Structure formats: structure tokens, C-alpha cells
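For reference, the structure is listed below as C-alpha cells.
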Amino acid sequence: MGNGNTESTVQTSHVIPSAEVKDMVSYRVQHNKILEIKKLPTLPDIAYRLLDVLSQGDPDLAELEEIIRYDQAITAKVLSVANSAFYALQREIDTLHRAIVALGAREVGEIAFSICVFSVFRPLKSVGGFDLKEFWMHAIGTGITARILAQALDREDEEKYFTLGLMHDIGRLILLMVFPQEFEAILEQRQISGRSLLTEEKEAGLAHTWVGRWLLKRWELPEIFSIVARYHHHPFHKGHFLFEPALIKLADLTAHQMGIGNLPVGPLDDPSPILKRLGLNEDLYQAVQDHLVLIKEGIKEAWGQLL
Ligand SMILES: [Fe+2]
Ligand SMILES: [Fe+2]
């Protein structure tokens, strides 16, 4: 047990809010193992402060620098990404301040936030066909794609989509951490059945959508994070269209199709209904894909060194 550092775990409350139980009962699985999770990793304090700054329309440069500069490990990693070929800067960036000026506060804040989230799950090992590096590459790819899609749609809230994309599948890491044997069996079963990984998780009572929602609520992140975790596979829910989960689903499908992060998730859904509902025409979607083709190797090179 620790006291909030990145390696520690905390005991969660044994009292489960009744609304959550009701929600899970309606899920119709014989035995919902999610309710058995007692221990969860904690998100470092700095991540909350970064998220706060990132939620500003125009993140404050000085505030961001103040948050990151005392953490040498994060600073060093930010500099190594800033100096990667992806950003094609004219000269070497050797201070955090210069990195923020050159890349922008938002970009640096998102890189730093990602490093914090990676660190929480650092002790984890890959299991049969589920490679942790590929998992994170998929998460980053989904985040970057989501931000590009939000820009293509002229969204005024475009700043939130990278972090939402980064966190959307986080429940799978809890499965790997808390139920490694069950998760390996799910992966094996998926290979045999050829069905989607989510379908197999549901069969086992361990849907990453539920676990992710559970974790993100425990972490007390803004509610939209747990909504996206829960609904990003089913953004058409009970007659409602859930915008953020839909955009993340489209980003997720696009990242898979582009090969940014290679995970054994099984057959992919057709993006057409979401494209239609989002009002993203074929030409514009094609332009997003063309852009991703151009930048994907750069993304892998720049971010791969952090994983
Ligand atoms: Fe997912
Ligand atoms: Fe995903």
C-alpha cells in the first residue's frame, strides 16, 4: 500500500452504489466478476493537474511548465518526443520551456498526461496476442485520430478528444492486471470463435467497457470519460445518439484500419452509420484517412520510444 504514488494500489470501497448495481444487473451476465474488483491502481496527482490545464480552451503555458518541470522523468521523455523526426523542428530542443514554445502547450500537456497514464500500468506484461505496446499505440492512434476528426467537424470542444481517445479502452488493462488468466482465456476463445474480443469479454462477464467505466469513475475523472468508456462500442443507445462515444468509435475503427496499433480485436464494425449521423461526408473522411497515412509512421516513431 502506498499513498498516492504511481506504483501504489488502493482499497476501493466495498459499498457499491445501488445505481451501479442496478446498471450491472441489467447487463444479464451470469456472474459479473467486475463486482469482485477490490484493488485498483491510482492515477498520479500530476495527471489530474495536467487534465485541468488541458481542459482550458487555450492551456496556460506557464502553468503547464510549472506542473511538469519538477518531474525529471516526464521532462526527459517530453524532450525526446519533441526531438523526434515527427515534429521536424529545425534545431534541438533542450529545455521544457522551448518544447512548450515549439510544440504548443496543448501538445506537450497531452504528451505529459499520456506518460503519466502509461506509468500507472508499467509493471504489466503482454499476454497471448495482446501486446501492451500495441495497446498503447492503438490508444494514442485513437486519440490523435479523434482530435483530427473533431477538427474536421469544426468542433469547438476539440481539445477533449485526444484524452478521451487515449483512455477509451483502459478497462482492458484492468482485465490484464486483475484477471490475467481470465483475460488470456478470453483471447484464446476469441481466436477459436472468430468473434469480436468485446463479445468474448461479455460472455465471460468481463466487458472492458464496464471495467473501464468502473475505473474512470473511481479515478473521479470528468464524467465524459466514463461515458465514453462505457458506450464507445454502442453510441446509438436506447434511441439516443451519444456524440463523444460515437466520435471515439469512429476514431477507434479508423486507427485499427490504418494499422496504428495492432490488437486482436476481431471483426470491425462498418463506420457508415456513424459517418452519416456525424455528418462527415466521404470526401472529408477520406481526407482524414489520407492525412493519417502521411503521419502514421511518425506517430509510431515519436510515441513508440515512450512505450
Ligand atoms: Fe473498446
Ligand atoms: Fe479501441
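The values are calculated or read from the model by the stated rules, or taken from the named source; none is laboratory data. Model, not experiment: these values are computed from the prediction. When we count neighbours, we look across all protein chains shown, and the Cβ atoms used for this are built from the backbone with ideal geometry, even at glycine.
Suppose the filter is within 16 Å of ligand 2 (Cβ to nearest atom) and either modelled with pLDDT under 95 or outside any loop (DSSP other than H, G, I, E, B) (or both); does LYS202 pass it?
Criteria met by LYS202.
Could you pull out the residue among PHE113, PHE162, PHE121, PHE135 that is away from ligand 2 (no atom under 15 Å from the Cβ) and at pLDDT 95 or above?
None of the other options fit; the residue is PHE113.
Just wondering, is there one or more residues in segment 128-150 that are within 18 Å of the chain's Cα centre (by Cα), without any contact (Cβ under 8 Å) to a residue 60 or more places away in the chain and away from ligand 1 (no atom under 16 Å from the Cβ)? Taking every residue of segment 128-150 in turn, at least one turns out to be within 18 Å of the chain's Cα centre (by Cα), without any contact (Cβ under 8 Å) to a residue 60 or more places away in the chain and away from ligand 1 (no atom under 16 Å from the Cβ). Looking at the structure I just gave you, is GLY165 touching a Ser or Thr at 6+ places or on another chain (Cβ under 6 Å), under 24 Å from ALA88 (Cβ atoms) and buried (at least 19 other Cβ atoms within 10 Å of the Cβ)? Against the criterion (touching a Ser or Thr at 6+ places or on another chain (Cβ under 6 Å), under 24 Å from ALA88 (Cβ atoms) and buried (at least 19 other Cβ atoms within 10 Å of the Cβ)), GLY165 qualifies. Only one of the numbered conditions (1) within 22 Å of ASP52 (Cα to Cα); (2) among the β-branched types (Val, Ile, Thr); (3) not in a helix (DSSP H, G or I) is violated by ILE93, and that is (1). If only residues of segment 199-257 that are touching an Asp or Glu at 6+ places or on another chain (Cβ under 7 Å) and more than 14 Å from ligand 1 (Cβ to nearest atom) are counted, the one that is farthest from GLN151 (Cα to Cα) is ALA204.
Of note, ASP154 does not satisfy the criterion of being within 16 Å of ligand 1 (Cβ to nearest atom), within 30 Å of GLN286 (Cβ to Cβ), at pLDDT 95 or above and not in a helix (DSSP H, G or I). Could you check segment 228-243 and list, in sequence order, the residues that are within 13 Å of the chain's Cα centre (by Cα) and more than 12 Å from ligand 2 (Cβ to nearest atom)? Passing the criteria: only ARG230.
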